[in-house]
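This report refers to the structure that appears directly beneath it.
Just so it is clear, none of the values below were taken in a lab; they were calculated from the coordinates. Keep in mind it's a predicted model, so treat the numbers as computed, not measured. All Cβ positions, even for glycine, are placed from backbone atoms using ideal geometry, and neighbour counts span all protein chains on display.
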Amino acid sequence: MLITPLLNFKDKSLKNFFFYSNQFMWITDIELKAILEVNDAAVRAFGYSREEVTAQSIQEFIPQKEHQKLLKLISESSFAQQPLKKEISLVSRTGKIIYVEACVSAIIYQGKEARIFTMTDITEKKLYRSMLEDAMEEEIGLKSKNKQLKNLAYFNFHLARKPLANILGLVNVLDQSVLDQSISPDQTLSEAIEFLRECSNELDELIKNTDPELLT
C-alpha cells in the first residue's frame, strides 16, 4: 500500500513542467516495459520522434545491466517520502551513451500507477571526472618513472662507478708496468689478477642486488 500521495499527470502545473522542462523527462509503467510519455528535451537527446520513443520498448534506451537496478528503484519509489535518485546510463539513436542522474517518483497517469523520471544530463561532468582521474594516474606514473630514473642514475654514478674506476685504474697500472723494467712482470700480473678479481666480484654483487625495476 502506498504511504505517500501520488502526483497526478492531470495536474496542469505538472504537465507544463513536464513538457517544457529542459531536463529529460519520461513516464514509464511500473514494470519498466514501455515509455508512456516523453518530453521534447528527451526526444532531442535520443534522436527519435516522440512517436518513435513511445512505440519502442524501454530496453532500447537502457543498457541491460541497468534494467534490474531500475526495477528495484521503481519498487522502492512506491514507499519513498521523497523522490529517489540514481545515476544511470541511456543509449541514443546513434549509440551514444548519455549519463544522467535520474530522479524517480510515483505518479498517476491515465488512471494507472506509473513512474515519472526527471533526468539531469551529467555526461560532460562524468567525462571530465574520468579525464581528471586519467591525468592523475598519468602524473603518478611519471613521478614513479622519475624516481626510477633517479635511482638508476645513483646506481650508475655512485655504486657501479667505483669498481669500474678501479678496473680502469688497473689497466693503467699494467700499461705502466710494461714500461717499468724494475718491476717483475710475474709479480705485477699476479697482483693485477687478484685485484681484478676483487673489483669484478664487487661489480657483480652490485648488479645482482640491483632492483630490476630500476632498469625498466
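What is the packing order of peptides 7-13, 56-62, taking the mean over residues of other C-beta atoms within 10 Å and listing the highest first?
Details: 7-13: 12.0, 56-62: 16.0.
Highest to lowest by the protection proxy: 56-62, 7-13.
Taking the fewest neighbouring Cβ atoms within 10 Å as the starting point, the ordered list for Phe46, Phe18 is Phe18, Phe46. For Glu87, the residues 5 or more places off, or on other chains, whose built amide H falls under 5 Å of its own are Ala102.
Electrostatic tally near Leu71: other residues with Cβ closer than 13 Å to its Cβ, Lys and Arg +1, Asp and Glu -1, net +2. Among the listed pairs Lys96/Lys125; Lys12/Lys96; Lys69/Lys96; Lys85/Lys126; Lys33/Lys112, give every one whose C-alpha distance is greater than 26 Å. From the list (Lys96/Lys125; Lys12/Lys96; Lys69/Lys96; Lys85/Lys126; Lys33/Lys112), the Cα-Cα distance tops 26 Å for Lys12/Lys96. The 3J(HN,Hα) values that the Karplus relation (6.51, -1.76, 1.60; θ = phi - 60°) gives for segment 111-116 are, in residue order, x, 10, 5, 8, 10, 10 Hz. Gly and Pro appear as x.
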